[in-house]
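My questions all concern the structure below.
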Amino acid sequence: MVSIPCIGLVCDEDFYRGRVRLRRAYLAAVEQAGGLPVLLPATTDTELAGAYLDKIEALVLTGGGDLDPAFFGEEPLPGLGEVVPLRDAFEIALVKLAWRQGKPILAICRGLQVLNVAAGGDLYQDLERQYAGALQHVQKGPRSYPTHEVKILPGSLLFRLTGKDNLRVNSLHHQAVRRVGVGLKVAAYASDGVIEALEGEGNFILAVQWHPEDLLAFREHRILFEALVKAAGR
Ligand code: MN
């Protein structure tokens, strides 16, 4: 029997009701790509982060709320949204460890921001207030509808996977990468210059600011999960 790679997914927190949650689109994306989705609820015990990693072959950092700017040395600005510090601390510890262990990582939306902050980079807390000339990055259309374009840098992993130098993506973020973290490089920009994808040096580390799990109807978005599962099986 062929073994199915276990793909760990971090969860969102409904802090006020004391619930863990994750949209099913992430599970469908992993399953369709041939992986077994395994949920990783946040824990305050960083040793458990290591124990989680022993059980999985690859990691998906999922979307969610804002990062606490304390993690990149800033005070909160008026445009900052809801933060869940438990989730931030857990995910930063988890992704640092996964990176060190060479586990493949796919980071989505908030996940891209977590990855960047874990690598010592920082964020715009709110594009509308801090980035002149920004496009509408919190789209009003359905999640499954791509609303803006991104330019993919030739030579990037994203370019090799999709075979395209531009893509249409959905957009559901009001924060974005400002300074890129150590060991990461930009793989795609929106037409306003906002960073839309990052990649790591060395092992498979791909981070996108959009939500490919809601765009599974498109080959060039499905392929990101397929590439992760393939890297997990190696
Ligand atoms: Mn965007």
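Rule-based calculations on the coordinates, nothing more; no lab input. Computed from a predicted structure; not experimentally measured. Every residue, glycine as well, gets a Cβ built from its backbone with ideal geometry; the counts of neighbours run over all protein chains shown.
Among residues other than I4 whose Cβ falls under 12 Å from its Cβ, what is the net charge (Lys/Arg +1, Asp/Glu -1)?
Value of the local net charge: -2.
Right, here's the next one. Quote the relative contact order of the chain in percent (integer), defining contacts as alpha-carbon pairs under 8 Å separated by 6+ residues.
22
Of all beta bridges DSSP finds with both residues in the chain, what is the antiparallel percent, to the nearest 5?
If we restrict to bridges inside the chain, about 55 percent are antiparallel.
Determine the calculated [θ] at 222 nm for the chain from helices alone, applying -39500 (n - 2.57) to every DSSP H run no shorter than 4 residues and normalising by the residue count; nearest 500 deg cm²/dmol.
Calculated from helices alone, the mean residue ellipticity at 222 nm is -8500 deg cm²/dmol.
Among rounded, prolate and oblate, which fits the chain when a ≥ b ≥ c are the square roots of the eigenvalues of its C-alpha gyration tensor, a/c under 1.5 means rounded, and a/b larger than b/c means prolate?
Since a/c stays below 1.5, the shape of the chain is classed as rounded.
If R₀ is 35 angstrom, what is the calculated FRET efficiency for the pair R21 and E75, using the beta carbon separation as r and rounding to 0.05?
Efficiency computed from Cβ-Cβ geometry: 0.75.
Let me ask you something else. Which lysines, on any chain, are close to K164 with Cα under 23 Å apart, when same-chain ones fewer than 8 places away are left out?
Partners found: K151, K185, K230.
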